[in-house]
Amino acid sequence: MFQQLVNAAIAIVFAVGGSILFYVGSNLLLDKFLTSDGAPADKQIKRDSLREGIRPWIFVGPALAFLLVFLVYPVFKSLQLSFMDREGEEFVWFTNYVWAFTSDGFQSSIINNLLWLIIVPTMSTMFGLVIAYLTDRIWWGKIARTLIFLPMAISFVGASIIWKFVYDYRGPGSDQIGILNALVVAFGGEPKAWIAVPFWNNILLMVILIWIQTGFAMVILGAAIRGVPEDTLEASTLDGASELEIFFKIVIPQIWGTIVVVWTTITILVLKVFDIVYAMTNGQWDTQVLANLMYNEMFRNANSGTASTVAVILMIAVLPVMIYNIKSARETEQ
Amino acid sequence: MSIEAHSTKTAAVTKQAMVIILVMLWTIPTVGLLVSSVRDKDQLSVSGWWSALTASESQEVYRLPKEDVQTPSDNGYLIVDEIFDDQSKAIISTWGPTAKTLSDFAAGETMTLDDGSQMTVNEDGSIEWVNDEPFTHNRGPRVFYQVKTPPRFTLDNYREVLKSEGVGRAFINTFTVTIPATFIPILIAAFAAYALAWMRFKGRLFFLAMIIGLIVVPLQMSLIPVLRLFADIGAITGMPSKSYITVWLAHTGFGLPLAIYLLRNYMASLPKDIIESAYMDGATHFQIFMKMILPLSMPALASFAIFQFLWVWNDLLVAAVFLGQGEGKTVMTQQLIELLGSRGDNWEILTSGAFISIAVPIVVFLSMQKYFVRGLLAGSVKGG
């Protein structure tokens, strides 16, 4: 134990120290070797511009290298691998894509993913909006918001354990220790092993992500609601508008842009949902989703072709958001 | 009270009631985990955590000791025994010689056995068994009893999970992954963000667009190509293809787009005059960055640090792919997955293990919530 702590500490010092050394060192070297001090006047200007032309690349160089190796190159490589066989040695062209659209596993993943995409962002955004609005003018609203926000700090795996305990099942004779089945029994129902009941188990897995993401929606939308001009609200209160009318006719239209951003952000997260399904069912009982399917293809079937195909399909799904983000960023830059 | 005022009051009460219900829905699952993790494991497996404060009733069996513990006394030969240890405050209500006749005798009553010996089981679990002749049995008879056990809370689950279930180790491993994987991307991103905000160079706008695009690229696209790359490098240099170094590098790569984006936006919003005047005074960009921009950007750095810390601490996929498993490597999330598989029904293990893994991010989150929220508001384009 102690030895490992020491090793960890050494590793941390090396990693962190090494990266600091790079920046400080390379900047010092640049200043030293391309110094204009004492150089003839005509050379000074030349050296100055050369030095200041190189420096940006020291600043962005490491970042650029990391992005190219870990994100840009892989995008093209995965695209290539998706047209190749399981070892990634020979081209099989569209075989993997044909597999994708004819295999049962893939199709049920797509259907489940669509369900996730419809339900999770919508429910999280809706709950987030309602909670943000309700807690806005309550004196203990901050405490309530913190409690609802808290699941955001919990890992998907931790959250899965929390909810697996909620869904726990004991035989009909014994006391239920999972709160869901205890409630079912209390209302006179039959206890069930819920996560093994197709279709409904999908919803139960989605509940976990909704539970986590509502806090995110609440915080962003809460800030937007506080941004709605006070006099607009006051004016409509004086006009005799009810609380509900104000919410639907004034608040929601005002913050519509933010609602869309929140909804899209959660949508992208949902596309990549992996940990929850992996921890709860590993895709059994008709709960497979694309990200988990990809993991299974990659490690259990050791097929880089089909795994890459699934990844490419995920990539295609986020492409519209990506293009939109780049476009709107361009507009704000200009 | 006017009707109008009355209706606003009702509305306010309904509002508060709704919030209370929602807050309960959101907190009850976690409370259940926490309560269960400190309950006695035998009680945890037979009763719901919501009944943790009430005594639990159960039916148990106890075997009496052999003849060698008997002592001669005034009334004959005597065997004295205790069913429970000293700490237990369990109370026996009824008992009997078989499972079916368990309610035949109340606590404190005396039963006469076939050989004429007499046995008494008391409320506190003490047993007296007397016989005129010396006892000669070599296997003691059994006593079945109905017992009421008061709630027991214990930290034993935590002790067990930390020591024998590998969670203690995994905890340290997770720190080893998380600290460099949080610090390195911040450092690299801070330099790049400064360049993007305040330096003029060719391709700057293209670089910026690329970063915004890369924020949403699914991690899944990178797994196989990067893994292969590490394997190839490993084959040439002899370095292991899955190690702490590879997982740090991977986390750095995946965290950079959002980091650069957040930090650049923040740095670009700093006042232009101070930077330009410092440059005019002959300070190099490196000096301006180290002495002015970095200290000024602390709030943004803190926001991203929390993001990255939570993301790496809670990550399963990147660790599973780029670090793998093993004695000195398995991180908390992986360890929990393993426990879900091997100890799936031992909730005392799962609940305490899960609580250890979520305690750190929760503390970080609560103590730095302000920065976390700021970061969220600044960068709500990233999807995890």
Which condition breaks for A:V69 when tested against (1) at the interface with another protein chain (Cβ under 10 Å from one of its Cβ atoms); (2) among the aliphatic types (A, V, I, L, M); (3) free of Cβ contacts under 8 Å to residues at least 12 places away in the same chain; (4) over 27 Å from B:I260 (Cα atoms)?
-> (4)
Out of B:E128, B:E109, B:E60, report the one residue that is acidic (D, E), closer than 30 Å to A:K164 by Cα and open to solvent by 30 Å² or more (accessible area, probe 1.4 Å).
-> B:E60
Only residues that are surrounded by 24 or more Cβ atoms within 10 Å (Cβ to Cβ) and within 15 Å of A:V60 (Cα to Cα): list them for the range B:187-228, please.
-> B:I188, B:A189, B:A190, B:F191, B:A192, B:A193, B:Y194, B:A195, B:L196, B:I211
Pairs where the first residue, in the range B:138-153, is more than 21 Å from B:I79 (Cβ to Cβ) and assigned to a loop (DSSP other than H, G, I, E, B) and the second is open to solvent by 30 Å² or more (accessible area, probe 1.4 Å) and at pLDDT below 80, C-beta under 8 Å, 6+ apart | B:P150/B:A55; B:P150/B:K89; B:P151/B:L53; B:P151/B:T54; B:P151/B:A55
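Is it the case that some residue within the range A:178-190 is within 12 Å of chain B (Cβ to nearest Cβ) and open to solvent by less than 20 Å² (accessible area, probe 1.4 Å)?
Yes, because at least one residue in the range A:178-190 is within 12 Å of chain B (Cβ to nearest Cβ) and open to solvent by less than 20 Å² (accessible area, probe 1.4 Å).
Give the residue that is nearest to A:F165 (Cα to Cα), with candidates limited to residues of the range B:31-57 that are hydroxyl-bearing (S, T, Y) and without any contact (Cβ under 8 Å) to a residue 40 or more places away in the chain.
B:S47
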Hey, A:T214 crowded, with 23+ Cβ neighbours inside 10 Å, assigned to a helix (DSSP H, G or I) and touching a helix residue (DSSP H, G or I) at 6+ places or on another chain (Cβ under 7 Å) or not | yes
Hey, can you tell me all the residues within the range B:346-362 that are surrounded by fewer than 20 Cβ atoms within 10 Å (Cβ to Cβ) and either at the interface with chain A (Cβ under 9 Å from one of its Cβ atoms) or in contact with a helix residue (DSSP H, G or I) (Cβ under 8 Å, 6 or more places away or on another chain) (or both)?
-> B:N346, B:V360, B:I362
Out of the range B:166-186, which residues are in contact with a Ser or Thr (Cβ under 9 Å, 6 or more places away or on another chain) and either more than 10 Å from every other protein chain (Cβ to nearest Cβ) or open to solvent by less than 40 Å² (accessible area, probe 1.4 Å) (or both)?
-> B:G166, B:V167, B:A170, B:F171, B:N173, B:T174, B:P180, B:A181, B:I184, B:P185
Of those in the range A:158-176 that are hydrophobic (A, V, I, L, M, F, W, C) and touching a Ser or Thr at 6+ places or on another chain (Cβ under 7 Å), the residue modelled with the highest pLDDT is A:I162
For B:K242, the lone unmet condition from (1) within 32 Å of the chain's Cα centre (by Cα); (2) free of Cβ contacts under 8 Å to residues at least 12 places away in the same chain is (2)
Given (1) out of contact with any strand residue (DSSP E or B) (no Cβ under 6 Å at 6 or more places or on another chain); (2) open to solvent by less than 60 Å² (accessible area, probe 1.4 Å); (3) not in a helix (DSSP H, G or I), index of the condition B:I79 fails | (1)
Among the residues of the range A:267-292 satisfying the criterion of being within 16 Å of A:L314 (Cβ to Cβ) and at pLDDT below 85, which is farthest from the other protein chains (Cβ to nearest Cβ)?
-> A:G283
Do the conditions hold for A:L204, that is, is it closer than 17 Å to A:V270 by Cβ and either of a type in the set (D, E) or open to solvent by 20 Å² or more (accessible area, probe 1.4 Å) (or both)?
-> yes
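The values are calculated or read from the model by the stated rules, or taken from the named source; none is laboratory data. These figures come from a predicted structure and were not determined experimentally. Neighbour counts are summed over all protein chains in view; Cβ atoms, including those assigned to glycine, are modelled from backbone coordinates with ideal geometry. For accessibility, only protein heavy atoms count, side chains too; no ligands or nucleic acids. Shrake-Rupley method; radii C 1.70, N 1.55, O 1.52, S 1.80 Å.
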